[in-house]
Amino acid sequence: MKLATLRVDGATRAVKLDGDVLVDLGAPDVGALLERDGWAERAAAASATTGTTGTTYAVEGADLAPVVPRPSKVVCVGLNYRNHIQEMGRELPEHPTLFAKFADALIGARDDIARPAETDAFDWEVELAVVVGAPVRRAKGAGAEAAIAGFTVLNDITCRDWQFRTREWLQGKMWDSSTPVGPYLVTPDELPGGVRPALDVRLSVDGEVMQSDSTADLLFDPVHLVEYVSTVVRLNPGDVIATGTPGGVGHARRPERYLLGGETVVAEIDGIGRLENRVVKEKSA
C-alpha cells in the first residue's frame, strides 16, 4: 500500500493511492491512522469503490503534506552509509549516531524549502525514513520488524555552519520548514527486501545528480535502528527514523557546494517516490 496525507480545504486527510485516485481512509492524517487498531487491514480493504468515507481525490495536482505531519519524535541517524562515512573522513562507528528533528521542520513533498538567512552552508541529504506503526519499547527481532509500518523519503537539509559550531549536531538540523518528507508511506510488502529494503537512492540539484547509492549500503539497517532507538525511548505510531544519507553531500565536495536559493532539489527512492522542492528565501516571521 501507498499511504499519504493530503491537504484538502484547509485540513488534511489520510489517503491511500488506488490507481489514479486517492481514497479517503477516514482519518485526519497518516499519523492518526496508524494510532488506530487494525489500521493496516482497514486501509488494505479500502478502494475507490469501497473507501471508508466514499470520498476520492485526484492524484494529479494533489497537495501532499508531510506523510506524518506531527510525529511525536523524528530520530535521525548520521554516518550510516559506508561511502558517506569515508567521504567525511571518519571511521565506521560501532553504534548509530543519533540526533533529532522536530515536527516544525517538516514540509510536504512539493513544498518550498525555506533557506534561512543565517546560513552560508545549506546542504542536501536524501534518506530512507522508517515510519513506526505500533507502540514499541526495547523491541527485538520480530517485534522490531512488526513495528515498521513502512518507509518514506526524507531530505535532511542541513545548515553545515551551524551543525559544526559545536560537537552536537542538533542546531544544524532542526531549522523551520526545511525538511521534506513523503510523498507516500509504502508498506514493506511492496518493497524488495521488505523491512530491510534494497532500493536505489538518488538526489539531484537542478537536474545534476549529486547522490546515487543503494540502501543495501546501510551500516545499520532499519530493523536494527528500531531495536536501538526503542531501547532508549518508546516509539509511537507515526514516529519517524531517518536512516542516514549516502555520499555526495555538498559539504564533502571540493570545492564545497551549497544551496544558495532558487534551485530545485529532487530526492527520490525507487518504489517509494520523489520529493521535488524549490529552495526559497525564508519569509520573515
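Things worth noting here:
- Checked against (1) in a loop (DSSP other than H, G, I, E, B); (2) crowded, with 20+ Cβ neighbours inside 10 Å; (3) not hydrophobic (A, V, I, L, M, F, W, C), Glu118 meets all criteria but (2).
- Complete set of residues in the stretch 19-36 that are over 23 Å from Pro180 (Cβ atoms) and either aliphatic (A, V, I, L, M) or at pLDDT 95 or above (or both): Val21, Val23, Asp24, Gly26, Glu35, Arg36
- Test: residue in the stretch 84-94 that is in a loop (DSSP other than H, G, I, E, B), touching a strand residue (DSSP E or B) at 6+ places or on another chain (Cβ under 9 Å), surrounded by 15 or more Cβ atoms within 10 Å (Cβ to Cβ) and not basic (Lys, Arg): no
- Of the residues Ala100, Ala109, the single one that is assigned to a loop (DSSP other than H, G, I, E, B) and closer than 30 Å to Glu282 by Cβ is Ala109.
- Test: residue in the stretch 71-78 that is farther than 23 Å from Ala149 by Cβ and within 22 Å of the chain's Cα centre (by Cα): yes
- The set of residues in the stretch 223-271 being of a type in the set (Ser, Thr, Tyr) and buried (at least 18 other Cβ atoms within 10 Å of the Cβ) consists of Tyr228, Ser230, Thr243, Thr245, Tyr258.
- Candidates Ala27, Ala40, Ala4, filtered to the one that is among the small types (Gly, Ala, Ser), surrounded by 15 or more Cβ atoms within 10 Å (Cβ to Cβ) and assigned to a loop (DSSP other than H, G, I, E, B): Ala27
- Of the residues examined, Asp221 is one that is within 19 Å of the chain's Cα centre (by Cα), farther than 13 Å from Leu203 by Cα and in the same structural domain as Gly89 (by TED's automatic domain parsing).
- All conditions in (1) more than 12 Å from Leu6 (Cβ to Cβ); (2) at pLDDT 95 or above; (3) not in a strand (DSSP E or B) hold for Thr53, with the sole exception of (2).
- Qualifying positions in the stretch 56-69 - in a loop (DSSP other than H, G, I, E, B) and without any contact (Cβ under 8 Å) to a residue 40 or more places away in the chain: Gly61
Here is a yes/no grid of residues against (1) of a type in the set (Ser, Thr, Tyr); (2) assigned by TED's automatic domain parsing to the domain that holds Asp9; (3) within 14 Å of the chain's Cα centre (by Cα):
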| position | (1), (2), (3) |
| --- | --- |
| Ala45 | no, yes, no |
| Leu64 | no, no, yes |
| Val67 | no, no, yes |
| Asn80 | no, no, no |
| Gln86 | no, no, no |
| Pro93 | no, no, no |
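- Residue that is nearest to Asp221 (Cα to Cα) [pool: residues in the stretch 123-172 that are in contact (Cβ under 8 Å) with a residue 12 or more places away in the chain, surrounded by fewer than 24 Cβ atoms within 10 Å (Cβ to Cβ) and of a type in the set (Phe, Trp, Tyr)]: Trp169
The values are calculated or read from the model by the stated rules, or taken from the named source; none is laboratory data. Just so you know, these numbers come straight off a predicted model, no measurement behind them. Note: ideal-geometry Cβ built from the backbone for every residue, glycine included; neighbour counts use all protein chains shown.
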